[in-house]
Structure formats: structure tokens, C-alpha cells
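Okay, structure first, notes after.
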Amino acid sequence: MQSQLNFTEEVKNNTSDIYKRIKNFVPDIEWPFVAPYIYEINKLKKETNSVILAHNYQTPQIFYGVADIVGDSLALAIKAAEVKEENIIMCGVHFMAETAKIMSPEKKVYLPDMRAGCSLAASITGEDIRKLKKQHPGVPVVTYVNTTADVKAETDICCTSANAVKVVESLGVKKVIFLPDEYLAKYVASKTNVEIISWHGKCEVHEKFSEKEIHELRKNYPDLTIIAHPECPPDVINASDFAGSTSHMVNYVKEKKPKNVFLVTECSMSDNVEIENPDVNFVKPCNLCPHMKSIELPKILDCLKNKTNEILIDFDTINRARSSIERMIAIGRQD
Ligand code: 13P
Ligand code: SF4
């Protein structure tokens, strides 16, 4: 790992505004070890013409400390196509870095830890899709963006949880193949008359939440607003007040300012939203995504310094996958 990163006066002064924002999430005793990384990353980012994109599930130190652009999967896909810098560091998981490369093939895209996968992306292959297409000839394939480039290359149109229903309905057909998240497929099926052929993929983080947990929390906090991610099991979604993507959650809290809120999703989400909404009380039983959490400041610095972990995808796959993402971006976000 890095050596000789000291908490100098210059580092302290240059990072003091960041610390003010995130101090509830980084203990005092740890800051002298964290701040030099933040300082060094921000310096090197400019010197190397790099931009850092970070998903809403990244820790506050990354989200508020070094990221230039933050958001949900849809926002990151859109921004990856627009950034001007030569190098993109994706603080998220592998499929997000691949999506950035597909949208900006002329740029170099780096993922600070190549093991940052996703149980949904791992649940299905391009070969699985080819078989499904043979079983259901002519039925369009809608694929959640949480999939590999190979899968996207076999896909008609991608979606995220921020626009899944809108994407399915945009096709104007009676039936779609919707992959790979079984729970998101059920959520979409509950909102549309389009028939959904689904797959058995699940998010290892969201599938752990239970309806019982929701009911227990309601007993303890009678005025609790519960917002679930659509990757949660259907009974959890039904027991919640609202379901939406990570950006929908951000907007809901910002606009409605609930007194007590429980975001049924990954742990860092509540921390990041709390920093912007100090007047809202966040109730926080949560589940960690080990893949998102494998992204750490020293690994980001290593990417910038040594150009490690570059995402490489062959041109044929990029070209076949890109139209499915472009079609999704053209549909836009669902309110
Ligand atoms: P969003 O698209 O809502 O940001 O979710 C991405 C994800 O990985 C959820 O687990
Ligand atoms: Fe994948 Fe779930 Fe982690 Fe999101 S939270 S990256 S869907 S494993």
C-alpha cells in the first residue's frame, strides 16, 4: 500500500471543510489517516486529468471526500458518456465501470477493486440470454443495468430501478423478457399490464430484509416513513410506504422531510443522505454490500498513481452493448 502519507498542516487545512461535513461518520482518531488520502487523491485527480464517479452506496469519505459526480446507476451511466476528462475512476461495482467504458470507449476507465462484483450481474450470462431468446422468439429482452457487458450485448434495452416500468411500457408490446432480478421483475409486473418473463437473480443485500423487520420497526417508531429499494422482496415493498431507486430515496427525503425515516437498502445510503438532511432522523438497521465496500481510498489512490485495474472490453461487445444503454438513456427517468 502507500507509504509516507502524513497529516501535515497543508493536508489539515485543505481537508477541513470536508471533515466538517463527514465528521459524524469518521471518528476523530481516524481522520489523520483518512485526510492524507483524500488530499492526495484530489491533487492527483487534477494532475492526471481524471474524474471520480461514485455510487450512492459509497462511504461518506469517498462520496463527499473525493467524488466529482455522485448518483444512482442511471445518473452514473448518463454522466459517464458526458465527462471530458481522459480517465474515469468508478467508485462502484464492476458492471458500473463496464457501463462507463461502453459509454465512453475512448476513455480509460478504472475500478479500484476488480473483485467488486454484484450478485445480480453474476446470476446470468450472455449464453443464458441466447437460450431464453430461442425459447421466446420475438419477445424483447429488457435487462437491468446490473449485468455484464456480454449480457448487455444480447439485450434490446437496459433499465435501472429508476425507470424499469417506463422502459417496459415504452416498448409497446404485450410481453417482455425482464432480467435478471426476480424481485424487480415482480415489482414491475405489479405496476404494468405487460406480461413479464423473469429470471432467478437476487441482490444479496436487499434479499436479506424481511417483512417481520419492517413490522417490528413500525411498532418501535409509530411515525416512521419506510422507503424500500425495488430489489427488496415483494412483502418488504408492500409493507413499506414507498419504493424507489437510490435517487428516488434521496429526492423523497429532501422534498418530504419525514420526521423518522428508514431506507431499506445499503448502509452508506442513509449516512450520505443524512449529511444533506440533518433535521431528519434516520433509523438505521441496514445491510452492507461487500462489493461496494471493497472500494477504499488507498485503492483509489493506487488507480490514479499506477493506472491499475483498467476495464478492457473488446470493441465488438462494446458496440453491441452500447445501443441497449443508449435506448435506456433516451427513455429517461421515471418520477
Ligand atoms: P440504483 O440504480 O438505485 O442506484 O441501485 C443500484 C444498486 O446496485 C442497488 O443495489
Ligand atoms: Fe449488486 Fe446488491 Fe451490491 Fe447493488 S447492493 S451492487 S445489486 S449486490
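The values are calculated or read from the model by the stated rules, or taken from the named source; none is laboratory data. As the structure is a computational prediction, the values presented were derived from the model and not from experiment. Heads up, the Cβs are rebuilt from the backbone with ideal geometry, glycines too, and the neighbour counts pull from every protein chain shown. Keep in mind that these areas ignore ligands, DNA and RNA; they rest on the heavy atoms of the full protein, side chains included. Shrake-Rupley method; radii C 1.70, N 1.55, O 1.52, S 1.80 Å.
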Of the listed residues (I300, I295), the one being buried (at least 21 other Cβ atoms within 10 Å of the Cβ), away from ligand 1 (no atom under 15 Å from the Cβ) and touching a residue at least 60 places away in the same chain (Cβ under 8 Å) is I300
request  = Examine the range 61-78 for a residue that is among the hydrophobic types (A, V, I, L, M, F, W, C), within 12 Å of the chain's Cα centre (by Cα), part of a loop (DSSP other than H, G, I, E, B) and within 13 Å of ligand 1 (Cβ to nearest atom), and state whether such a residue exists.
outcome  = no
Condition set buried (at least 20 other Cβ atoms within 10 Å of the Cβ) and not in a helix (DSSP H, G or I), scope the range 259-285, selection nearest to ligand 2 (Cβ to nearest atom): answer is E266
Picking from E47, E40, the residue that is crowded, with 20+ Cβ neighbours inside 10 Å and among the acidic types (D, E) would be E40
Filtering the range 173-193 down to residues that are open to solvent by 10 Å² or more (accessible area, probe 1.4 Å) and aromatic (F, W, Y) yields Y183, Y187
- Within the range 156-174, can one find any residue that is modelled with pLDDT of 95 or more, outside any strand (DSSP E or B) and under 20 Å from D314 (Cα atoms)? yes
Expected single match for within 16 Å of ligand 2 (Cβ to nearest atom), of a type in the set (A, V, I, L, M) and more than 25 Å from T317 (Cα to Cα) among I69, I41, I124, I62 is I62
| Verdict on I311 being hydrophobic (A, V, I, L, M, F, W, C), in contact with a Lys or Arg (Cβ under 9 Å, 6 or more places away or on another chain) and either open to solvent by less than 30 Å² (accessible area, probe 1.4 Å) or in contact (Cβ under 8 Å) with a residue 24 or more places away in the chain (or both) | yes
Only unsatisfied item for W199, checking (1) over 24 Å from V139 (Cβ atoms); (2) surrounded by 15 or more Cβ atoms within 10 Å (Cβ to Cβ), is (1)
Taking first residues from the range 227-247 that are among the charged types (D, E, K, R) and second residues anywhere that are within 11 Å of ligand 1 (Cβ to nearest atom) and in a loop (DSSP other than H, G, I, E, B), the pairs with Cβ under 6 Å that are 6 or more apart or on different chains are E231/C203
Of the residues in the range 1-25, those that are surrounded by 15 or more Cβ atoms within 10 Å (Cβ to Cβ) and either at pLDDT below 95 or among the β-branched types (V, I, T) (or both) come to L5, V11, T15, I18, I22
Condition set of a type in the set (D, E, K, R) and in contact with a Ser or Thr (Cβ under 7 Å, 6 or more places away or on another chain), scope the range 87-117, selection nearest to ligand 1 (Cβ to nearest atom): answer is E98
It is to be established whether one or more residues within the range 23-36 are under 20 Å from L304 (Cα atoms) and in contact (Cβ under 8 Å) with a residue 60 or more places away in the chain.
yes
Of those in the range 237-258 that are part of a loop (DSSP other than H, G, I, E, B) and buried (at least 17 other Cβ atoms within 10 Å of the Cβ), the residue nearest to ligand 1 (Cβ to nearest atom) is S245
Counting only residues in the range 205-253 that are of a type outside the set (A, V, I, L, M, F, W, C) and in contact with a Lys or Arg (Cβ under 7 Å, 6 or more places away or on another chain), the one farthest from ligand 2 (Cβ to nearest atom) is identified as D223
**Message:** Regarding the range 54-66, can at least one residue be identified that is surrounded by fewer than 20 Cβ atoms within 10 Å (Cβ to Cβ) and either touching a Gly at 6+ places or on another chain (Cβ under 6 Å) or not charged (D, E, K, R) (or both)?
**Reply:** yes
